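The values are calculated or read from the model by the stated rules, or taken from the named source; none is laboratory data. Since we're looking at a predicted model, the values are computed, not measured. Note that we place each Cβ from the backbone using ideal geometry, even for glycine, and neighbour counts take in every protein chain shown. These area figures cover heavy atoms from the full protein model, side chains too; ligands, DNA and RNA do not enter into them. Shrake-Rupley method; radii C 1.70, N 1.55, O 1.52, S 1.80 Å.
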Amino acid sequence: MKIWVKNLLVYSLIMIFTFLHSLIYRSDIIDNLVYFLAVTLPYILFAFAFLLMLCVPTRNDTGPWIKSLPRRALKCVHGIFTVGIAYGITAILKYTPHIPRPFIGFPDIKPLFLETGGSFPSGHATAFAALATVVYFHNRKAGVFFWIAAILIAISRVIAGVHYPIDIAGGLLIGGLVGLGMNKLWRVLSKLTA
């Protein structure tokens, strides 16, 4: 890659980060919204995802609600394993090329809240992209909502100053790919047990 292309890419990413991070500390409403999206919403989404997969029947769930409960419970296991694998990959990558968080690399940056560990890839972006992919596989309408929420969570973590844009892009990509792989495995296992 030519040096000017690399410099342009780095400069563009820094400009995106600077713009997004400049949105905080201007209004308590915005700060609270960013904090909610980055910290609180993830817990709500995990609970909602598993309630959705457990309680809401899909086109593959036939018969009385109670009879399809074991299949729905397996959907929850599918989600847990997918998020676990995605998060495990992220944990390995965070410490392989340890990239410090923006507020450590640039002391002028004041984060909205503190985080520890490496910056790349974003664990939140990875986990929620994986979860959104699983939910989409089982319920397309809810999956679209979860993908929008995953992107909002990821962007809010850049605004909060705890991730660079490349961290969330990498996390969303890894989570999406792990989700697709686990969905393919789910299809194979479903055919074997049918």
Could you list, in sequence order, the residues of the range 83-96 that are of a type in the set (A, V, I, L, M, F, W, C) and either open to solvent by less than 100 Å² (accessible area, probe 1.4 Å) or part of a loop (DSSP other than H, G, I, E, B) (or both)? 83, 85, 86, 89, 91, 93
For residue 66, indicate whether it is open to solvent by 80 Å² or more (accessible area, probe 1.4 Å), among the hydrophobic types (A, V, I, L, M, F, W, C), under 30 Å from residue 187 (Cα atoms) and modelled with pLDDT of 90 or more. no
Within the range 97-111, track down each residue that is assigned to a loop (DSSP other than H, G, I, E, B), open to solvent by 40 Å² or more (accessible area, probe 1.4 Å) and either modelled with pLDDT of 85 or more or out of contact with any Ser or Thr (no Cβ under 9 Å at 6 or more places or on another chain) (or both). 97, 100, 106, 107, 108, 110
State yes or no: is residue 146 open to solvent by less than 10 Å² (accessible area, probe 1.4 Å), in contact (Cβ under 8 Å) with a residue 40 or more places away in the chain and of a type in the set (Phe, Trp, Tyr)? yes
Give the residues of the range 87-125 that are farther than 25 Å from residue 31 by Cα and of a type outside the set (Val, Ile, Thr), sorted by residue number. 87, 88, 91, 93, 94, 95, 97, 98
What pairs come out if I take residues in the range 71-94 that are under 12 Å from residue 122 (Cα atoms) and pair them with residues that are modelled with pLDDT under 85 whose C-beta lies under 6 Å away, six or more apart or interchain? 94/117; 94/118
Go through the range 1-32 and report how many residues are at pLDDT below 80 and not aliphatic (A, V, I, L, M). 5
Out of everything in the range 15-55 that is farther than 26 Å from residue 87 by Cα and of a type in the set (A, V, I, L, M, F, W, C), what residue ends up being surrounded by the most Cβ atoms within 10 Å (Cβ to Cβ)? 24
Can you pull out every residue in the range 151-166 that is buried (at least 20 other Cβ atoms within 10 Å of the Cβ) and without any contact (Cβ under 8 Å) to a residue 60 or more places away in the chain? 154
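If you scan the range 147-194, which residues turn out to be of a type in the set (Gly, Ala, Ser) and not in a helix (DSSP H, G or I)? Please lay out each step first, then the result.
Let us first name the residues in the range 147-194 that are of a type in the set (Gly, Ala, Ser), namely 149-150, 154, 156, 160-161, 169-171, 175-176, 179, 181, 190, 194.
Within the range 147-194, 160, 161, 194 qualify.
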